[in-house]
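Step one of this worksheet: look at the structure below.
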Amino acid sequence: MDWIAILSGFGVGAVVGVTGVGGGSLMTPLLLSVFKLNPAVAIGTDLWFAAVTKTAGSASHHQAGHVQWRITGLLLAGSIPAALATVALMHLTGVTKGWAATLTLSLGIALLLTAVTVAYKRIWQGVGLRLERWIPERRKPWLTVACGLVLGVLVSLSSIGAGAIGATLILLLYPRLKSHEIVGTDIAHAVPLTLVAGIGHATLGHVDWSLLGALLIGSIPGIWIGAQLTRTMPERLVRTLLCVALVSAGLKVIT
């Protein structure tokens, strides 16, 4: 299974390298279907996978000046307390069948939401520009914190949301940001959020550490090769295939 894990990490890494999204969205269903982990362990393992793989990306974007730290801080002001509260609730109530059902449902919904955000990526900026007429500048900080709160709960319950969904929420509130600033800010927010949620799941025993190591070994070259493929593969084709995979995985998880 180690070679299967390494190849799986490579495949997911390649998708991330090509599209910029899809890591958690594809990794958690993979952990459920191929490695037969229970939902809680699959989510905890994926959270650590995301935290490690995105750390290098966050440092790179920071050095390039692509991170809007004020927005990142506002998101974290909502997401970190939400993640801590969600994990604390799981500690208090225990990991029962009810929680397993909640985690599975959250995962399915997050997958479908990610598919929608990826499919209609180019539309969200126009929506954000229209929303500027209705959202005064003074309200954006509070709305940003509220978005962080939603992401904190979603990521803690499903391990998904800190990527494509987070970037879409940033784009809706700040449509005039450059694309690389949205990506850099989203990744900078994802690292501490997934790390905090991952630590919380680890305290519950929800991480398969040996499997995580094998996945990371494969993901590093996968991300690099995927980044090189972006020059030759049509973006529309890649995103279409990714959306099909996300919808299929989401419907399978829910049903």
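Since every read-out is calculated from the coordinates, none of them should be taken as a lab result. Model, not experiment: these values are computed from the prediction. Neighbour counts run over all protein chains shown; Cβ positions are idealised from the backbone, glycine included.
The table for this structure:
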item: Pairs of lysines in the chain (C-alpha under 26 Å apart; 8 or more residues apart or interchain); result: 10
item: Label-point separation, Asn38 to Arg138 (7 Å along Cα→Cβ), nm; result: 5.1
item: Given the chain, longest segment not containing exposed loop trypsin sites (Lys or Arg not before Pro) (DSSP; at most 16 other Cβ within 10 Å); result: 37-132
item: Residues Phe10, Phe49, Phe35, sorted so that the one with the fewest Cβ neighbours within 10 Å comes first; result: Phe35, Phe10, Phe49
item: Whole-number percent relative contact order across the chain, with pairs defined as alpha carbons under 8 Å at least 6 apart; result: 45
item: Exposure proxy order (Cβ contacts within 10 Å, fewest to most) of Asp46, Asp2; result: Asp2, Asp46
item: Gln63 versus Thr203: modelled label distance in nm, points set 7 Å from Cα along the beta carbon direction; result: 3.4
item: For mean projected area of the Cα convex hull in nm², calculated from these coordinates, the label among (i) 14.0; (ii) 12.1; (iii) 12.9; result: (iii)
